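Here's the structure, in structure tokens; my notes come after.
The values are calculated or read from the model by the stated rules, or taken from the named source; none is laboratory data. Predicted, not measured: the structure shown is a model, and the values here were computed from it. For neighbour counting, all protein chains shown are included, and Cβ atoms are generated from backbone atoms with ideal geometry for every residue, glycine included. With ligands, DNA and RNA removed, areas are computed over all heavy atoms of the protein, side chains included. Shrake-Rupley method; radii C 1.70, N 1.55, O 1.52, S 1.80 Å.
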Amino acid sequence: MITTPRLLLRPWQKSDLKAMAEINADARVMEFFPSTKTEAQTQEFIDRQHLQQQERGHCYFATELRESGRLIGFIGISYQDYDAHFTPCVDIGWRLHPDVWGQGLATEGAKACLDFAFEELKLPELVAVAVQQNIASTRVMEKIGMRYDSSFDHPVLGHRPDLQTCVLYYAKSGK
């Protein structure tokens, strides 16, 4: 578990499915993704996170508000191996409920994950990827000290030319 002043980043629980499925079904949240996700797709995502946590010691963590215990989405790090010039890699990412946007929670949690990756896991580098139009996520990347590397056409988004161009940011341990 990772704690910040306002957040608890933790392993996924069975009770998280409904709240995360609601987040994944929200068109505002999924604006820069090919589609919203069903409850079954959300369960598959949670299952993949469980497996990654067991195998690698990290995942996109279930993220809750410490004050209320309410699940608000995920923030974490995840192994990626899709076909791109920078993979395989570990990336940092987040997806939060819209009613907590604009409060600095993504930045707070992402900074804690960056520290966890470098200090606890001893990873040499993290990357972050966002659709070029996703300025809010790009701002978070910059606020946590990541640097712009390049733009690229994401191989998984080839069927969505409007979303295919992505930006790549990186952070290196000790920098």
Would you point out the residue of the stretch 154-166, among those that are in contact with a Pro (Cβ under 9 Å, 6 or more places away or on another chain) and open to solvent by 80 Å² or more (accessible area, probe 1.4 Å), that is nearest to GLY76 (Cα to Cα)? VAL156
Conditions (1) crowded, with 20+ Cβ neighbours inside 10 Å; (2) at pLDDT below 95: number failed by TYR169: (2)
Please enumerate the residues belonging to the stretch 95-107 that are open to solvent by 40 Å² or more (accessible area, probe 1.4 Å) and either among the hydrophobic types (A, V, I, L, M, F, W, C) or touching a strand residue (DSSP E or B) at 6+ places or on another chain (Cβ under 7 Å) (or both). TRP101
In the stretch 20-30, how many residues are without any contact (Cβ under 8 Å) to a residue 60 or more places away in the chain and not in a helix (DSSP H, G or I)? 3
Select from the stretch 1-19 the residues that are surrounded by fewer than 15 Cβ atoms within 10 Å (Cβ to Cβ), free of Cβ contacts under 8 Å to residues at least 60 places away in the same chain and outside any loop (DSSP other than H, G, I, E, B) and list them in ascending order. LYS14, SER15, LYS18
Filter the stretch 110-127 down to the residues that are under 19 Å from THR3 (Cα atoms) and in contact with a Lys or Arg (Cβ under 9 Å, 6 or more places away or on another chain), then identify the one that is surrounded by the most Cβ atoms within 10 Å (Cβ to Cβ). ALA110
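Does GLN164 qualify as being at pLDDT 95 or above, of a type outside the set (Lys, Arg) and over 15 Å from the mean Cα position of the chain (by Cα)? Give the steps one after another, and end with the answer.
Working: at pLDDT 95 or above: no; of a type outside the set (Lys, Arg): yes; over 15 Å from the mean Cα position of the chain (by Cα): yes.
So GLN164 fails the test.
Name the single residue, out of those in the stretch 58-86 being touching a Ser or Thr at 6+ places or on another chain (Cβ under 9 Å) and over 26 Å from PHE152 (Cβ atoms), that is surrounded by the fewest Cβ atoms within 10 Å (Cβ to Cβ).
First pass over the stretch 58-86, keeping only residues touching a Ser or Thr at 6+ places or on another chain (Cβ under 9 Å): 58-60, 66, 71-76, 80-81, 85-86.
Filter once more, so that each one left must be over 26 Å from PHE152 (Cβ atoms): 66, 71-72.
Numbers: ARG66: 12, LEU71: 23, ILE72: 26.
If we take residues in the stretch 58-86 being touching a Ser or Thr at 6+ places or on another chain (Cβ under 9 Å) and over 26 Å from PHE152 (Cβ atoms), then ARG66 is surrounded by the fewest Cβ atoms within 10 Å (Cβ to Cβ).
Can you spot a residue in the stretch 137-149 that is open to solvent by 90 Å² or more (accessible area, probe 1.4 Å), at pLDDT 95 or above, within 25 Å of TRP101 (Cβ to Cβ) and touching a helix residue (DSSP H, G or I) at 6+ places or on another chain (Cβ under 6 Å)? Break it down stepwise before answering.
Within the stretch 137-149, the first condition is being open to solvent by 90 Å² or more (accessible area, probe 1.4 Å), and the residues that meet it are 139, 142-143, 147-148.
Checking the rest, the ones that are also at pLDDT 95 or above come to 139, 142-143, 147-148.
From what's left, within 25 Å of TRP101 (Cβ to Cβ): 139, 142-143, 147-148.
Of the ones still in play, those that are also touching a helix residue (DSSP H, G or I) at 6+ places or on another chain (Cβ under 6 Å) are 143.
Yes.
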Options LEU8, LEU17: the member that is closer than 22 Å to GLY104 by Cβ and among the aliphatic types (A, V, I, L, M): LEU8
Among strands (runs of 3 or more DSSP E) entirely within the stretch 85-175, at least 2 residues that are among the β-branched types (Val, Ile, Thr) and within 17 Å of VAL29 (Cα to Cα) occur in 125-131
Which ones in the stretch 20-52 are surrounded by 14 or more Cβ atoms within 10 Å (Cβ to Cβ), aliphatic (A, V, I, L, M), closer than 20 Å to ILE77 by Cα and more than 14 Å from the chain's Cα centre (by Cα)? ALA21
